[in-house]
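Written out below as structure tokens is the structure these notes cover.
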């Protein structure tokens, strides 16, 4: 294994696997830290954790365990993958995990770049934009777990770490890899936010990252990394063939993002809303909802993707962690019941929802397939099950139907 990757959630990890596969690396996504060695021939391993919103100490511990396993597989470089909207709180978990990984690896220059221009995420003058909006005005300020209220990555990250935070501005990035590397090497900071507004900037950053022990960012930062291994003649250039899956399909959506709520509103099929109040009161059960979904024609959608004001009201009444835990447990049990009932194509929306579903299904490893939308690939989780794990803000208005069609293509 050449490139070892640690993802802080499951949707982001599949996004990263998609990027690396398209760039020509034989990539496997692992659900948690594997118990044994990787199979022969894997060039990039992505260990998917559910560490984005857990306590800082737990996130650091899990990430270091993933690092130890990846180093045991012979990885030459480590990539810590987090969301392209830098989902975190003032306490973490991005900064503490990055610092812990850097310390373990002895890395003194670490790129920090969540940019993903293909999905509208860019970094300019250290500020993160979503399309033409600052992060703090993009809807992410209403995130129920990690509200992003400051678009200045340097300032936000500095609140999470003990050391200084550096910066490589666009005027340097636009000059190319050599200029970027010179600025990185001259920095007094260990963690260095790098601007990127185009895919070409990410490619230049990737070239500049050659030989660095640790790189951090969104999936976009991985675009240029495979070329470094290719230049050394280390890639096999073999690609696996994808086969779709016939049978029944269903959608589970727990994301409250603007994009997902539009996708829910536009869904042309049977829909069943599950409110936080109903769950907390025990008025709805996974088996009841599963029975409803299996009785529907077409593509049934089960969702708790409420307006931010509704979410805040539920959190105020029952407690944020209690609501989040109940919703995740509900979707996990529903996913198990759906698969047991014959669903073979399952689409999920939301990082926490997708993480709960994948942990419940426990596929072990996921084969990366074709891209459904930027950042969202098809995934094979077993002989008779395929998945699409979508981050909240990813995909167009018709994503659910598009995902179902591609998951079943060629079956």
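The values are calculated or read from the model by the stated rules, or taken from the named source; none is laboratory data. Note that the structure is predicted; figures quoted are calculated from it, not measured. Neighbour counts are summed over all protein chains in view; Cβ atoms, including those assigned to glycine, are modelled from backbone coordinates with ideal geometry.
I'd like to verify a number: residues in region 93-109 that are outside any loop (DSSP other than H, G, I, E, B) and buried (at least 24 other Cβ atoms within 10 Å of the Cβ), how many?
At the first step, the residues of region 93-109 found to be outside any loop (DSSP other than H, G, I, E, B) are 94-105.
Add one more test, that the residue is buried (at least 24 other Cβ atoms within 10 Å of the Cβ), and what stays is 94-95, 97-98.
Residues meeting the conditions: 4.
This table checks each residue for (1) under 21 Å from the mean Cα position of the chain (by Cα); (2) outside the structural domain of residue 225 (by TED's automatic domain parsing); (3) in contact (Cβ under 8 Å) with a residue 12 or more places away in the chain.
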{"position": "121", "(1), (2), (3)": "yes, no, yes"}
{"position": "134", "(1), (2), (3)": "yes, no, yes"}
{"position": "143", "(1), (2), (3)": "yes, no, yes"}
{"position": "163", "(1), (2), (3)": "no, no, yes"}
{"position": "182", "(1), (2), (3)": "no, no, no"}
{"position": "187", "(1), (2), (3)": "no, no, yes"}
{"position": "195", "(1), (2), (3)": "yes, no, yes"}
{"position": "207", "(1), (2), (3)": "no, no, yes"}
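Within the group 191, 202, 212, which residue is modelled with pLDDT of 95 or more and within 18 Å of the chain's Cα centre (by Cα)? Residue meeting the stated conditions: 202. Within 27 Å of residue 86 (Cβ to Cβ), crowded, with 24+ Cβ neighbours inside 10 Å, touching a residue at least 12 places away in the same chain (Cβ under 8 Å) and not assigned by TED's automatic domain parsing to the domain that holds residue 20: does that describe residue 395? So residue 395 fits the description; yes. Taken together, the residues in region 127-143 that are touching a helix residue (DSSP H, G or I) at 6+ places or on another chain (Cβ under 6 Å) and surrounded by 21 or more Cβ atoms within 10 Å (Cβ to Cβ) amount to 1. What residue, among those in region 47-60 that are in contact with a helix residue (DSSP H, G or I) (Cβ under 6 Å, 6 or more places away or on another chain) and not in a loop (DSSP other than H, G, I, E, B), is farthest from residue 86 (Cα to Cα)? Filtering first and then ranking leaves 47. The condition of being crowded, with 24+ Cβ neighbours inside 10 Å and assigned to a helix (DSSP H, G or I) holds for only one of 19, 85, that being 19.
Okay, residues lined up against (1) part of a strand (DSSP E or B); (2) free of Cβ contacts under 8 Å to residues at least 60 places away in the same chain; (3) crowded, with 24+ Cβ neighbours inside 10 Å; (4) not assigned by TED's automatic domain parsing to the domain that holds residue 80:
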position: 11; (1), (2), (3), (4): no, no, yes, no
position: 24; (1), (2), (3), (4): no, no, no, no
position: 33; (1), (2), (3), (4): no, yes, no, no
position: 36; (1), (2), (3), (4): no, yes, no, no
position: 39; (1), (2), (3), (4): no, yes, no, no
position: 45; (1), (2), (3), (4): yes, yes, yes, no
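Among the residues of region 213-236, write down those that are surrounded by fewer than 20 Cβ atoms within 10 Å (Cβ to Cβ), out of contact with any helix residue (DSSP H, G or I) (no Cβ under 8 Å at 6 or more places or on another chain) and touching a residue at least 40 places away in the same chain (Cβ under 8 Å).
Taking region 213-236 as the starting set, the residues that turn out to be surrounded by fewer than 20 Cβ atoms within 10 Å (Cβ to Cβ) are 213, 227, 230-236.
Of the ones still in play, those that are also out of contact with any helix residue (DSSP H, G or I) (no Cβ under 8 Å at 6 or more places or on another chain) are 230-234, 236.
230, 234, 236 - these are the residues of region 213-236 that are surrounded by fewer than 20 Cβ atoms within 10 Å (Cβ to Cβ), out of contact with any helix residue (DSSP H, G or I) (no Cβ under 8 Å at 6 or more places or on another chain) and touching a residue at least 40 places away in the same chain (Cβ under 8 Å).
Scanning for something surrounded by fewer than 16 Cβ atoms within 10 Å (Cβ to Cβ), within 22 Å of residue 393 (Cα to Cα) and within 24 Å of the chain's Cα centre (by Cα), does region 264-281 turn up at least one residue? Yes: region 264-281 contains one or more residues that are surrounded by fewer than 16 Cβ atoms within 10 Å (Cβ to Cβ), within 22 Å of residue 393 (Cα to Cα) and within 24 Å of the chain's Cα centre (by Cα).
Quickly run through region 63-74 and pick out the residues that are surrounded by fewer than 23 Cβ atoms within 10 Å (Cβ to Cβ) and touching a helix residue (DSSP H, G or I) at 6+ places or on another chain (Cβ under 9 Å). If the condition is that a residue be surrounded by fewer than 23 Cβ atoms within 10 Å (Cβ to Cβ) and touching a helix residue (DSSP H, G or I) at 6+ places or on another chain (Cβ under 9 Å), then 64, 68, 71 are the ones that fit.
Would you say residue 173 is under 23 Å from the mean Cα position of the chain (by Cα) and crowded, with 22+ Cβ neighbours inside 10 Å? Spell out the reasoning first.
Values: under 23 Å from the mean Cα position of the chain (by Cα): no; crowded, with 22+ Cβ neighbours inside 10 Å: yes.
No, not satisfied.
Taking residue 379 as the residue in question, decide whether it is surrounded by fewer than 22 Cβ atoms within 10 Å (Cβ to Cβ) and outside the structural domain of residue 81 (by TED's automatic domain parsing). Judged against the criteria, residue 379 is not a match.
In region 336-348, what residues are over 22 Å from the mean Cα position of the chain (by Cα) and surrounded by 14 or more Cβ atoms within 10 Å (Cβ to Cβ)?
337, 338, 339, 341, 343, 344
Put simply, of 402, 371 the only residue that is part of a helix (DSSP H, G or I), touching a residue at least 12 places away in the same chain (Cβ under 8 Å) and farther than 22 Å from residue 333 by Cα is 402. Within region 61-78, can one find any residue that is within 28 Å of residue 185 (Cα to Cα), under 18 Å from the mean Cα position of the chain (by Cα) and either without any contact (Cβ under 8 Å) to a residue 24 or more places away in the chain or not in a helix (DSSP H, G or I) (or both)? Yes; the residues of region 61-78 include at least one that is within 28 Å of residue 185 (Cα to Cα), under 18 Å from the mean Cα position of the chain (by Cα) and either without any contact (Cβ under 8 Å) to a residue 24 or more places away in the chain or not in a helix (DSSP H, G or I) (or both). Only one entry in 288, 333 is at pLDDT 95 or above and under 24 Å from the mean Cα position of the chain (by Cα), namely 333. Of the listed requirements (1) farther than 30 Å from residue 258 by Cα; (2) assigned to a loop (DSSP other than H, G, I, E, B); (3) at pLDDT below 95; (4) under 19 Å from the mean Cα position of the chain (by Cα), residue 28 misses just one: (2). Filtered by the rule that a residue be in contact with a strand residue (DSSP E or B) (Cβ under 7 Å, 6 or more places away or on another chain) and surrounded by fewer than 20 Cβ atoms within 10 Å (Cβ to Cβ), region 190-201 gives a lone residue, 197.
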